[in-house]
Each structure stands twice: as C-alpha cells, then as structure tokens.
1. Return the distance in nm (one decimal) between the two label points of a simple spin-label model at Val226 and Phe162, each offset 7 Å from Cα along Cα→Cβ.
2. Using amide H atoms built 1.01 Å from N in the peptide plane, name the residues 5+ places from Ile141, or on other chains, whose amide H lies under 5 Å from its own.
3. How big is the accessible area of Arg240 in square angstrom, nearest 10, if you roll a 1.4 angstrom probe over the protein chains?
4. For the range 35-145, what is the accessible area per residue in Å², given a 1.4 Å probe and the full set of protein chains?
5. For every other residue with a beta carbon closer than 12 angstrom to the beta carbon of Gly137, add +1 if it is Lys or Arg and -1 if Asp or Glu, then tell me the sum.
6. Rounded to the nearest 10 Å², what accessible area does Ile214 have for a 1.4 Å probe in the complete protein model?
7. Per 0.36 nm of contour for each residue apart, how much would the distance between Ala52 and Asp279 grow if the chain were fully extended, relative to their Cα-Cα spacing?
8. In units of 2.2 N^0.38 Å, what is the alpha-carbon radius of gyration of the range 259-304?
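The values are calculated or read from the model by the stated rules, or taken from the named source; none is laboratory data. All values derive from a computational prediction rather than experimental measurement. Quick reminder, even Gly has a Cβ in these numbers, built from the backbone with ideal geometry, and neighbours come from all protein chains shown. The accessibility values were calculated without ligands, DNA or RNA, using every heavy atom of the protein model including side chains. Shrake-Rupley method; radii C 1.70, N 1.55, O 1.52, S 1.80 Å.
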Amino acid sequence: MSSSVNRYCCALGVALCGCACVGSFVVALHAQQARTAAQGVYTEAQATRGQALYKDRCAACHGATLAGGQAPPLTGDELTGNWGGPLSDLVNKIQNTMPANDSGKLTPQQSADIVAYLLQVGKFPAGQAELVADEAGLKQITLPAPPSRQPATVAAARAPSFPPAGNLAAVMRGILFPASNLIFNVQRQDPAAPRPPYQSSAAGFSWADWGAGIYTGWELVDYAAVALAESAPLMLTPGRRCENGKPVPVQDPDWIKFTVELAEAGKAAYKASQTRKQDVVSDVTDQIATSCSHCHEAYRDKRGPRTTTDPANKAARCVR
Ligand code: HEC
Ligand code: HEC
C-alpha cells in the first residue's frame, strides 16, 4: 500500500504529489522451472473440464468455436498477441473479469481449466501434469507471442491524418487529469464498494458526472487506465501547440522519453486494475504520479522571472 496519497492538484498549476510510496513486496521464489506453453503444461482431462465450463459460461459471447462474436476471439494470434507473456496474466484476466456479465465467480481452478482448454484449441500440446492454479506457478509459464504484427501494414499510405483539435493544456485537462485522479482515488475508495446513488434532483444534479453511474467502479478504473495509456501518442501529435503558442516539442528526446513513461504507467495501471485488488492499484499510482511530474518538472513548472502578469511563468512552458 502507498504510505501516502498521490493526488494531482493543479490549483496553481502545480503538481502536488505526496508520494513517498514504499513498495514492500515479498517475492515468493518458486522452485519451479521456467517453461513455455508449448511444453505440455496441461492434461487432456483438464482441457475437457475447461471445455464444459467454456460452453456453459463463455461461449455465448466468445463463440462456440472461440472465434469470437460479441466478444473477441480466444484463439490463435488474436489471443497470444494480446496475452503473450506469463500465463498468470491470462488466468487472472479470466478469473477477475470474466464472464463479463457475471465476473468474480470462477475459482482459480476453473480459470486454469478454461485456459487449458484455450491452449488445447490453440494447438498447444497436452502433457503429463495439470496446469496449476496458483499464481507463482503460472508465472513460470510463458505464452509465446506471435511474430510481431507489423505496424507498417496497419499504417496504410492512404490513412487519414488527424491534426490536433486542441492545445496541449486541453488534452491534459480533458483526458489525463480526470483519468489519473480517478485512479489516484482508488487509494481511498474501494472500486467494488457500492457508490452513492446517482442524484437527479435539482440540487444534486451534476451534469459533469452525468452517465458516471453506468459502469461499475472497477470498469471505470480500467477505462481511466486505458485513457492514460492511449493518451501517450497524443503527446507526439505533430502541429500541436501549448497554451502559450509554442509548438509541443515532439522531436525532443526528453519529451519522447517522458511520453514513453506515460504510456508505460498507463499500461501498468491497466494491468493493476485487472487484478481487481485495491492495494495493487494503490501501488501503481506512484508510477503514474512520477510519469506526470518528470515531464512537468522539465517542461511545465518552470522557474524563472515570475511577473505579476504571468505568475506561473507560463511563457516558459514547452521549451527546454
Ligand atoms: C457477456 C459476454 C461475455 C462472457 C459471457 C464472457 N466474456 Fe470474455 N470478454 C467479453 C468482452 C466484451 C471482452 C472484451 C473486453 C475485455 O477485455 O474485458 C472479453 C474479453 C475476454 C478476454 C481477453 C481477450 C483479448 O483478446 O484480450 C478473455 C481471455 C476472455 N474474455 C475470456 C472469457 C472466458 C474464459 C469466459 C468464460 C468464463 C468469458 N470470457 C465470458 C465478454 C464476455
Ligand atoms: C510528455 C510531457 C507531459 C506528461 C507525460 C504529462 N504532462 Fe501534463 N502538462 C505538460 C505540459 C507541457 C503542460 C503545459 C501545457 C500547456 O501549457 O499547454 C501540462 C499541463 C498539464 C495540466 C494543466 C495545468 C494547468 O495549468 O491548468 C494538467 C492538469 C496536467 N498537465 C496533468 C497531467 C497529468 C495528470 C499527467 C500524468 C498522468 C501529465 N499531465 C503528464 C506536459 C506533460
């Protein structure tokens, strides 16, 4: 848990991050050997159990043949492309967030059984021993990612261009600020706890929050994390200006480095949110706050001859 609360306060255009966060992890070292999913990590019998569960709990959305339907396909490169890496990620994703309309009810064993079935359909060979259901064991097994999907083929020559619609401050205030605050608030609020009912009386109507009651607390944390990660490329949109009219320094190596930090923090937050554990999300808030403040220290909160007409020295923003 964080020892203090990260909060992003911009009352004076200043980041106040009380973030003396001490991560105290106890790493349980497992004597198990690192393997890949291609080395027979489940049994036929286990996959058969998983198949029955899949048919009952998953097929309605992901399709009888796992080819997808109203939800993504769970086979082939589609799956390994998104979930290549420690098999624990995939098992946790299923156990914590699936079935999407009735999540949190699968046991670790059931989740592992379903993954055994996914591996079988994905043509990974069966072996002598069952896929274990414990986190440490699953971390030792890697789901191999497919040969990287070339971004070049996606970026077709005829792709439309998307010039900026607003300045950098607007992107910060519209996307990064609300998204990161929502995640920071997980330090104090359990996203699984019931929220106060939506107020629609004249006194209680909050047009700014309208619609906020549609998604569950954990879903909101997921979406805020995705918003942060996805906002990173917006830092590099050519032609954007800062509020002071200076061009965003998209070519500057430091700027690019801080943008990468932001993307990494967003992805880490999403991964943390997927655990559906409040303390895991609390721990990741430090990384988010740091990614914001690294860039702000260099490009935003500039010291200098503050004048009464420009007390925050905004004229010096976006230049090194
Ligand atoms: C009510 C529909 C629904 C049901 C039932 C459902 N899912 Fe999903 N599933 C989704 C949706 C929508 C997504 C995409 C959003 C997300 O990743 O959370 C998804 C995503 C996934 C993903 C990530 C796929 C990817 O490419 O990133 C996995 C794995 C998954 N589901 C497994 C399961 C399993 C296993 C079950 C059964 C225990 C199940 N789902 C049941 C709707 C459903
Ligand atoms: C790559 C650099 C960079 C990163 C990363 C970054 N910012 Fe910013 N941010 C800036 C700059 C530069 C400005 C000033 C923008 C302007 O003046 O147009 C700014 C301005 C802001 C403002 C507006 C302040 C005001 O004066 O009203 C907020 C709010 C903000 N950032 C929040 C965040 C949060 C939250 C994060 C992290 C999740 C973040 N920023 C990450 C560079 C960055």
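1. Once both label points are built, they end up 1.4 nm from each other.
2. The answer is Arg35, Leu87, Ser88.
3. About 20 Å², rounded to the nearest 10.
4. Each residue of the range 35-145 exposes 47 Å² on average to a 1.4 Å probe.
5. -1
6. 120
7. Stretched out fully, the Ala52 to Asp279 stretch lengthens by 78.3 nm.
8. 1.33
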